[in-house]
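These notes concern the structure reproduced below.
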Amino acid sequence: MIGVASIWIVVLLAVGGFALDRVLTQAFTRNFDERLEYVLSAMIVSAELDQDGEIRFVRQPADQRFLEPYSGFYWQVSGGGREAFRSRSLWDRALPMGAAHQDTDIHSYNDESFPDEPLRILERDAMLPEADVPFRFQVASSRAVLDEQIAELRRTLVRSFALLGLGLIALAALQATFGLRPLRRVREAITDVRTGRQARVDETLPREIEPLVAELNNLLDHNERQAEEARRHAGNLAHALKTPLTVIQNEAEVGSPDLPATVIDQARIMRRQVDHHLARARAVGRRGAGQSRTYVWSALQSVERAVRHLHGSVTIDIAGTQDAVVGVERQDLDELLGNLIENAAKYGGGRVFVTVEKREPGSGEGPDFVDILIEDDGPGIPEAERADIFGRGARLDTNKPGTGLGLAIVRDVAEIYGGAVRLEESEDLGGLLVRLSLPAAASSDLA
C-alpha cells in the first residue's frame, strides 16, 4: 500500500509540476516579450525614410543600453536592398534575419548566433510611407535574465514538490501503518486463541473491523460446536457398540451353543448403529454445504409406507401442508422421520397421526421453520422424564427391542441442521407428541 501510494504520488506530482512549469515559463516569457514588443512598436512608429531612401528614427529608443556595445539589448532594421540599420550596441555584429515570412504579425524566437549570449528576438515586417518594399524591424535582448528567472522558478518548484511528495508519502505511510494496526491486533488475538491464552477475539476495534471479528468469533463457535458434536457422536457410537460386544463376550465366555447366531444378530445391530452414525457424520458435512432441500410430504409418504410394512396393524394418518420444504438432506430427513414414526408405531396403541405445519414469517416465533408433529395414542412420557429420554441408551420401553439411540440421533441430526426436537402431550390422541422443527427452505430453490 505504501509503495503504490508513493508511486502514485510521485507520478501525480511529476505531471503537476511539469504542467505548472510550462504555465509559469510561458508567463515569464510572455512578460519578457511584452517589453520587447513595446520597443519594437516604438521603433516602427518613429521610423521613416530620408531623401536618400535610408531609414532614420524621428525619436531614438530611450533605453541607453542600445548605445552600449554588447550590452545585451539590440535592434536592427533590414530591407530595401540596403545595408541593415543597426543599433550601436550591436557594434560589428548583425542580427539574423530568421525564417522568411510575408505577414505583418510579430514573430518571436530564440537564437544562439552570438557566442555565449543566447538571444530572444522579436521581429515584424512593416511598410513605411513612400517605401516600395517592406522593412523588417527586429529587437533582441539577452536571455540571461529570463533564463535565470526560469531556472530559479524550476529550483523552487523542484524543492517545493519534493518536500510535498515526501510529506504525502510520510502521511500515506502513517495512514497505512496506523490504519492497519487493528488487523495486527486481530492477528495477535488469533495467535492468543490458537495458543489457548483466550477463547475469543474480544478486542475493541474500529467499526470497519468489527464484522470481520464477529465472523471470526462465529467461526470459532462453529468449530467448538463441531468438536462437541464429534465428541457426542463418538460417545453415542461407543455406547451403541458396547452392548453388542458385551453380549458376544458373555456368550463366548460361557461357551453358549447359540454363539454363532448371537454373533450374527449382534453384528447386525452394530452394523445398523455404524450406519446411523455414519449418516449423522455425513449430515454434518452436508450441513456445511448449505445446499440441502427436501419436500417433507414426499419423505413422509416414503417413511409411512416403510413403517406400515413393518407394523401392519398400526394406522398412520398424514395431514397438513403438502408443499413444505426444509433445508435438510433427503436421506437425513428420512432418518429423522423414520425414527420418530417407528417409535410412535412401536410404543403407541395402534394410531399415529402426523401433521406438517409451516411457521409463517413474522409470527414472533423466530426464523421460518417447518414443524412436523408426530402423535400416538400410547401411554406417553411424564413431563419430568422427557429431558432424560434423549440421553444415550435411554429406552421408552425396555421390554421391546432397540438400542435406545433413536431419539438421541434425532436430536443430534436436527441440531446439526439448526432444528430442534421437543416432547409434548398429544391433546387429540392422549399419548406422546413429538414436535420436530426444521428450518424451512424456498420450494423454488429445490433442484
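Below, the figures for the structure above:
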| quantity | calculated |
| --- | --- |
| 10 Å binning of all Cα-Cα separations within the stretch 197-253, expressed as whole percents from 0 upward | 19, 26, 18, 14, 12, 7, 3 |
| Fraction of beta bridges assigned by DSSP in the chain that are antiparallel (%, nearest 5) | 90 percent |
| Per residue value of the accessible surface for the stretch 105-254 (all protein chains in place, 1.4 Å probe), Å² | 63 Å² |
| Cβ-Cβ FRET estimate between ALA144 and LEU180, R0 fixed at 60 Å, reported to 0.05 | 0.65 |
| Sites GLU68 and THR156 - FRET efficiency at Förster radius 30 Å, r taken between beta-carbons, to 0.05 | 0.40 |
| Accessible heavy-atom area order of LEU40, LEU174, LEU241, highest first, probe of 1.4 Å | LEU174, LEU241, LEU40 |
| FRET efficiency for ASP52 and GLU117, using Cβ-Cβ distance with R0 set to 22 Å, rounded to 0.05 | 0.10 |
| Accessible area of the stretch 160-207 belonging to carbon and sulfur atoms, whole % at 1.4 Å probe | 61 percent |
| Relative intensity, log₁₀ I(q)/I(0), of the stretch 1-134 from a Debye sum that treats every alpha carbon as a point, q = 0.20 Å⁻¹ | -1.30 |
| Order by protection proxy (mean Cβ within 10 Å, highest first), peptides 217-224, 9-16 | 9-16, 217-224 |
| C-alpha long axis of helix 259-289 to longest principal axis of the chain, angle in ° | 30 degrees |
| Selection of GluC sites (Glu not before Pro), the stretch 57-142, meeting DSSP coil and at most 14 other Cβ within 10 Å | GLU112, GLU130 |
| Helix-only mean residue ellipticity at 222 nm for the chain, each DSSP H run of n ≥ 4 adding -39500 (n - 2.57), per residue, nearest 500 | -17000 deg cm²/dmol |
| Debye equation applied to the C-alpha atoms of the chain, log10 I(q)/I(0) at 0.12, 0.13, 0.14 Å⁻¹ | -1.05, -1.14, -1.24 |
| Two-site label geometry, ARG88 and ASP202: point separation in nm, points 7 Å out along Cα→Cβ | 9.8 nm |
| With all protein chains modelled, accessible area of MET1 [1.4 Å, Å²] | 150 Å² |
| Extension gain, LYS242 back to GLN322 (0.36 nm per residue minus Cα-Cα distance, nm) | 24.7 nm |
| Quotient of C-alpha Rg and 2.2 N^0.38 Å, computed over the stretch 153-301 | 2.10 |
| Whether the stretch 228-273 is rounded, prolate or oblate, judged on the alpha carbon gyration tensor where a/c under 1.5 counts as rounded | oblate |
| Cα gyration tensor, the stretch 175-220 - rounded (a/c under 1.5), prolate or oblate | oblate |
| Percent RCO, i.e. relative contact order, over the stretch 111-263, from Cα pairs under 8 Å lying at least 6 residues apart | 10 percent |
| Nitroxide proxy distance, nm - points 7 Å out along Cα→Cβ at SER313 and ARG232 | 3.6 nm |
| Highest-first arrangement of 227-237, 319-329, where packing means the average Cβ count within 10 Å | 319-329, 227-237 |
| Square roots of 5 times each gyration tensor eigenvalue, C-alpha, the stretch 108-190, largest first, Å | 63, 15, 8 |
| Relative contact order %, the chain, counting alpha carbon pairs below 8 Å whose residues are six or more apart | 10 percent |
| Accessible-area value, PHE85, 1.4 Å probe, nucleic acids and ligands omitted, Å² | 60 Å² |
| Trypsin sites (Lys or Arg not before Pro) restricted to the stretch 1-105 and DSSP loop, no more than 10 other C-beta within 10 Å | ARG59 |
| Acute angle (nearest 10 degrees) that the helix 210-253 long axis makes with the longest principal axis of the chain, alpha-carbon atoms | 30 degrees |
| Spin-label pair ASP265/ASN250, simplified geometry with 7 Å Cα→Cβ offset, distance in nm | 1.2 nm |
| Computed lengthening from GLU215 to LEU164, 0.36 nm per intervening residue step minus Cα-Cα distance | 14.3 nm |
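The values are calculated or read from the model by the stated rules, or taken from the named source; none is laboratory data. For clarity, every value in this text was computed on a predicted model and none was experimentally measured. Please note: Cβ atoms are built from the backbone with ideal geometry, for glycine as well, and neighbour counts cover all protein chains shown. Accessible surface areas use protein heavy atoms only, side chains included; no ligands, DNA or RNA. Shrake-Rupley method; radii C 1.70, N 1.55, O 1.52, S 1.80 Å.
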